[in-house]
1. Considering only protein heavy atoms and a 1.4 Å probe, what is the carbon-and-sulfur percentage of the accessible area of the range 190-339?
2. Apply 1/(1 + (r/R0)^6) to the Cβ-Cβ distance of A339 and D86, taking R0 = 30 Å, and write down the FRET efficiency to the nearest 0.05.
3. What ratio of Cα Rg to 2.2 N^0.38 Å holds for the chain?
4. Taking the dipole about the Cα centre of the range 131-320, with the C-beta of Lys and Arg at +1 and of Asp and Glu at -1, give me whichever of I211, T188, V141 is farthest to the positive side.
5. Take D42 and D230, extend 7 Å from each Cα along the Cα→Cβ direction, and tell me the distance between the two endpoints in nm.
6. Just grab the label-to-label distance for T99 and S308, each label 7 Å out from Cα along the Cβ direction, in nm (one decimal).
7. Given springs between every Cα pair under 10 Å in a Gaussian network model of the chain, which of T281, T150, T25 has the largest fluctuation?
8. Pick from V153, V141, V260: which is most flexible by mean-square fluctuation in a GNM of the chain where alpha carbon atoms under 10 Å apart are linked?
Amino acid sequence: MTAANLALLADIGGTNARFALADTTSPTPLQLDTVRGFPVADFPSLADAALHYLAQIGHDGRPGEGTHASLPRAVFAVAGRVDGDDARITNHPWVISRTRTRQRLGIDDVVLTNDFAAQAMAIPLLQPGDYALVGGVQWSVPKDPDGPCTYAVIGPGTGLGVGGLMIRDGRHHPLETEGGHVSFPPGTPEETMILERLSAQFGRVSNERLICGPGLVNIHRALSEIAGVDPGPMQPADITARAAAGDALCGRAVDVFCAVFGAIAGDLVLTLGAWDGVFLTGGLVPKMLDSIRHSGFRQRFEHKGRFSPNMGRVPTIAMLHPHAGLLGAAAIAARRAAA
């Protein structure tokens, strides 16, 4: 592995920034031993965080002095919309300029992409152990990775990310979306009551107001108001821990979360035509995998009226790779280098 084959990678969320290097000539380009993570609140900009990472791993020179300036390319996956040369992190104050970041880092080829577009690009690189099925519909990485496929990707973390991947004639087309901000459609009378309470607080209620870490707290608070009790300050981890310990209200909040998550994931299949599978990713999925599997997730996923038989054949797959965003960024870097 030479410097000419390296790429700097980043996966920037609303809470953490993760960096790594990729060997763009390797069939497994992400170099796991180079992964580092930092709180985004510790740095004023992406460039400052990247320079800190490069110094930490020994690429601490400045442009014109060798070291990190010799890296030919970088791929930065960001939790927000990429609009031309700029990207704004949805749940953090960073505004990223591709031009200014390229100048600060001394790297000529800098790509900004949505984080869930990167998650989608990770799909063809998954290995056994990187994913787990939710429900009984089987899936495995296709033997022909360039065959015609359409996948959806959805995942709750600090927010709710949504993306997709179309593979046609050997070309991979990640879909950058902000589907987490689609309006929430209640599917039961209880969910309608939850919507009423969240509407009083937020006005318009998007899917992200329910399906993410803070969203689980929103569901629990709404259920508490319906029950006439004051839950006090709660964190997502408090709710899942109390649910596991038998707290009925917390258990109900987790059940509603999983059911709504399933309904939204099913809607995404219909919207994108993602008949080849939906990947569940984001920070909460590995932590809540047992709850998702033993909930109404799959029932609500399939419950789509006249299309229910079709939905019953669509696999739902939990993505368990610890750095799926970086893996997808590595895939983008490798394809860009090859081109």
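1. Numbers: 3340 of 6470 Å².
Percent of accessible area from carbon and sulfur atoms in the range 190-339: 52.
2. 0.80
3. Working it through for the chain, the quotient is 1.02.
4. With unit charges placed on the Cβ atoms, the residue in question is V141.
5. 3.8 nm
6. Between T99 and S308, the simple spin-label model gives 5.6 nm.
7. So, out of T281, T150, T25, the one fluctuating most is T25.
8. Highest fluctuation among the options: V141.
The values are calculated or read from the model by the stated rules, or taken from the named source; none is laboratory data. The shown structure was predicted, so the numbers you read here are calculated from the model rather than taken from an experiment. Please note: Cβ atoms are built from the backbone with ideal geometry, for glycine as well, and neighbour counts cover all protein chains shown. All accessible areas refer to the heavy atoms of the entire protein, side chains included, with ligands and DNA or RNA removed. Shrake-Rupley method; radii C 1.70, N 1.55, O 1.52, S 1.80 Å.
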